[in-house]
Amino acid sequence: MIKTYLKNKLPREFYKKDVLTIAKNILGKLLVKIDKENQIVCKIVEVEAYDGIDDEASHSFKGMTNRNKVMFGRAGFLYVYFTYGIHFCANVVTGEEGTGAAVLLRALEPIIGWDVLAMNRYKRKVISEKDKIGLTNGPGKICQALDINRKDNGIDLTEDNIFIANVKNENISVCQSTRIGIKKSVDLPWRFYIKHNPYVSKK
């Protein structure tokens, strides 16, 4: 099964489009993480777009810093940042180099690796149905469950450790709304999610 995901890994060209196009097109695709001991596969069900040009809520709006420099690099890399002193958040860099645009992963639906996700989030393998929904229905939860942190900042998503795989014949209904938990550029409708998916962080 993992060989199939590797075969269907998204190429660099996929990520070079504008951030809103990527935000819509990445929904329904699979985020895959492989290491020596574990294999995790989750469907991407909710995202937010951030653009360094017109978006005051974006980390890149005021220009490049040591913290956000991955956002200004090549498309198809993972930008991971630490926020509120407790959470890591994972973003997919998009567009042309120097643009400073990225798609925040807001919610995932677990497919493979439930026990690993549960141990990372709750320190136990046996969890309730409510706990299952709470595994990856938020950006901080995603990084905790998948053990994504500073070490993963700048990872190339076209390589074999963390990547996104295409899904054939996946018909989804996409909803659009304003983003969550920001204080600037609040009117931009740049949040996208799969309609009726139980893992979406906020309906």
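The values are calculated or read from the model by the stated rules, or taken from the named source; none is laboratory data. Since we're looking at a predicted model, the values are computed, not measured. We place every Cβ from the backbone using ideal geometry, glycine too, and count neighbours over all the protein chains shown.
Tell me, which residue of region 68-113 that is surrounded by 16 or more Cβ atoms within 10 Å (Cβ to Cβ) and among the aromatic types (Phe, Trp, Tyr) is farthest from LEU30 (Cα to Cα)?
Taking the candidates together, the pick is PHE72.
If THR4 meets every condition in (1) buried (at least 16 other Cβ atoms within 10 Å of the Cβ); (2) over 19 Å from ILE194 (Cα atoms) apart from one, which number is that one?
The single condition THR4 does not satisfy is (1).
What are the residue pairs meeting all of these: first residue in region 73-84, first residue within 10 Å of GLU96 (Cα to Cα), second residue assigned to a strand (DSSP E or B), Cβ atoms under 7 Å, and 6 or more apart or on different chains?
GLY73/VAL93; ALA75/VAL93; ALA75/THR94
Could you please find all residues in region 139-155 being in contact with a strand residue (DSSP E or B) (Cβ under 6 Å, 6 or more places away or on another chain) and hydrophobic (A, V, I, L, M, F, W, C)?
If the condition is that a residue be in contact with a strand residue (DSSP E or B) (Cβ under 6 Å, 6 or more places away or on another chain) and hydrophobic (A, V, I, L, M, F, W, C), then ILE142, CYS143, LEU146, ILE148, ILE155 are the ones that fit.
I'd like the full set of residues that are surrounded by 15 or more Cβ atoms within 10 Å (Cβ to Cβ) and either at pLDDT below 95 or farther than 19 Å from LEU10 by Cα (or both), limited to region 141-152.
LYS141, ILE142, CYS143, GLN144, ALA145, LEU146, ASP147, ILE148
In region 181-203, how many residues are under 15 Å from the mean Cα position of the chain (by Cα) and either assigned to a loop (DSSP other than H, G, I, E, B) or surrounded by fewer than 12 Cβ atoms within 10 Å (Cβ to Cβ) (or both)?
Looking only at that region, the number is 4.
Examine region 137-150 for a residue that is under 20 Å from TYR5 (Cβ atoms) and polar (S, T, N, Q), and state whether such a residue exists.
no
Can you name every one of the strands (runs of 3 or more DSSP E) wholly within region 70-162 that holds 2 or more residues which are of a type in the set (Lys, Arg)?
none
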